[in-house]
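Each reported figure results from applying straightforward, stated rules to the coordinates on display, with no laboratory input. Not measured: the values here are computed from a predicted model. Cβ atoms come from the backbone with ideal geometry, glycine included; neighbour counts cover every protein chain shown.
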Amino acid sequence: NVLILDFGSQYTQLIARRVRELNIFCEIFPYNNIPSDLSSYKAVILSGSPFSVRGEDAPHPDLSQIRGKMPLLAVCYGAQYLAHFSGGEVAPSNIREYGRANLSYIKEEELFFDDVNINSQVWMSHSDTIKQLPTGGVRLASTKDVENAAYRIEGETTYAIQFHPEVYHSEDGKQMLENFLVKIAEVPQNFTPKSFVEEIVAEMKEKIQDEKVVLGLSGGVDSTVAAVLLNKAIGKNLYCIFVNNGLLRKNEFENVLNQYKHMGLNVKGVDASARFLSELAGVDDPETKRKIIGRVFIEVFDDEAHHIEDVKFLAQGTIYPDVIESVSVKGPSATIKSHHNVGGLPDFMKLQIVEPLRMLFKDEVRRVGKTLGIDDELLGRHPFPGPGLSIRILGDITPEKVRILQEVDHIFINGLKEHGLYDKVWQAGAILLPVNSVGVMGDERTYEKVVALRAVESTDGMTADWVHLPYDFMMKISNEIINKVKGVNRVVYDISSKPPATIEWE
Ligand code: XMP
């Protein structure tokens, strides 16, 4: 187990990703919330930071329980931090040190640089530079502009590097992390999807015992994997609820419900479409739509949870990025998500929470899902927003508009699948515009709806770009939509990136 101390770098999550790729488990903690019990950690990594060590508000944690007592790797800010406060010197650099650089000097016979070639490309991102190494510092590498690009401390297993080994552009970065964690710190590489499943199933059994758990399934990857894991741990005591809000994709409720039943899950489908659609009638403001859907979902779920006698736990499909988000370093102090006023919450929210996936990244959830034997089709599904098609119907929502959009979306998504494009796209869908346009069909003039198609590539939904779908494919899909979906006579394709646009239109 490796501890990563976060000083607020945009790359901290990437360090964790790289460590996990080595099949080594790691956890991120903010620098001002170091775990008091360090006995389970075999090594510590200090992240980079937007701060300067010379600044007044610079993070300045007490590392006395760590330094010299266990293997320590300090990256970027971490490297400057060790230098600045231990007898070295850090000063503003006169040359820009951003982007690619090459290791022009590497000290020989250093385990840290095993299998790393001279001139290896590394990625720099700093404005201060280490002018003088700290006491006991031994220079390990330099670039043309940065003399102290890497050093270690004599008599300790402390290593420090100015560049970022975690970014893709540091070509031997992963090798260096492996050298440090495996060869130097001797951390075992035993974190695999299979070992995770075994451990978490045992942990959940221990925590839940013979109590009952309720879980809301959405058809998405996270809640599905969470359910299958819990089903393995506690079987019939897991009660899953899958709510149809009437804003799902065409046939999705029936199809996914069937899939769940085949997977042996104890799942109850609740069709609350009419209730959602009647509460949404006449509402056209996007945020109001979201609020109504959120509230009605809680009411429906609470009603259902009450039908389960003596339920004690609520399971959620929370994953690691959500956890980090709520405790990450934002400025000099860590922000912790504020909690709701418990008194006003529905009953099910007073249950104890279990989150079997809270330590996993999205792709790890997928791999765990695969280990559990969940269908590739289910695991590879595009993200779909909680408020569903309601935020893809611009303006007010009617059952007829939902029907039109479901048909259009169905043709588009099926088309992507048939043409082998679905897995190349991060997210795709259709948007029903509140606009009619003139067309001609046969000898008749039509005045019908316009739909927009959207397909984006992204890694996390934070930034995205539109996908250059083949013209032949777009031609075919456009024809099929206009010919088959009554009420639509025009199809357009959204070619906006995020930012400045967003993925959804509302
Ligand atoms: P935007 O439109 O902000 O979307 O670029 C980014 C990602 O978030 C999804 N999204 C939502 N998911 N509830 C959700 O559960 C919402 O209200 C919501 N709004 C957007 C969107 O589909 C995309 O994947």
Among V2, A202, L238, which residue has its Cα positioned farthest towards the positive end of the charge dipole of the chain, with +1 placed on the Cβ of Lys and Arg, -1 on the Cβ of Asp and Glu, and the dipole taken about the Cα centre?
L238
Per-peptide average of other Cβ atoms within 10 Å, ordering 97-105, 77-85 highest first
77-85, 97-105
Students often check this: by mean Cβ neighbours within 10 Å, which of 481-494, 194-207 ranks highest, and how do the rest follow?
481-494, 194-207
I need the calculated FRET efficiency for the pair D145 and V182, taking r as the beta carbon distance and R₀ as 30 Å, to the nearest 0.05.
0.50
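So if we plug the beta-carbon distance of I298 and D322 into 1/(1 + (r/R0)^6) with R0 = 22 Å, what FRET efficiency do we get, rounded to 0.05?
0.75
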Inter-centroid distance (Cα atoms) of region 98-116 relative to region 191-254, Å
46
Once both label points are put 7 Å beyond Cα along the C-beta direction, the N266-S278 separation in nm becomes 3.2
Peptides 218-231, 113-126 ordered by average Cβ neighbours within 10 Å, highest first
218-231, 113-126
Given charges of +1 on the Cβ of Lys and Arg and -1 on the Cβ of Asp and Glu, with all other atoms neutral, how large is the dipole of the chain about its Cα centre, in debye to the nearest 20?
420
Need one number: nm distance between label points at K207 and K370, each 7 Å from Cα along Cα→Cβ, rounded to one decimal.
2.6
Of the GluC sites (Glu not before Pro) in region 229-334, which ones lie in a loop per DSSP and count no more than 12 other C-beta atoms within 10 Å?
E309
Per the 1/(1 + (r/R0)^6) rule, R0 = 60 Å and r from the Cβ atoms of E108 and K424, FRET efficiency to 0.05 is 0.85
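Please tell me which of these pairs span more than 18 angstrom C-alpha to C-alpha: K261/K417; K205/K312; K131/K174; K212/K268; K312/K350; K449/K486?
Where the Cα-Cα span goes over 18 Å, the pairs concerned are K261/K417; K131/K174.
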At a Cα cut-off below 16 Å, give the aspartates and glutamates reachable from K291, other chains included and same-chain residues fewer than 8 away excluded.
E279, E299, D396, E506
Between region 1-22 and region 456-506, what's the alpha-carbon centroid distance in Å?
35
Pair H307, N483: separation of 7 Å Cα→Cβ label points (nm):
4.4
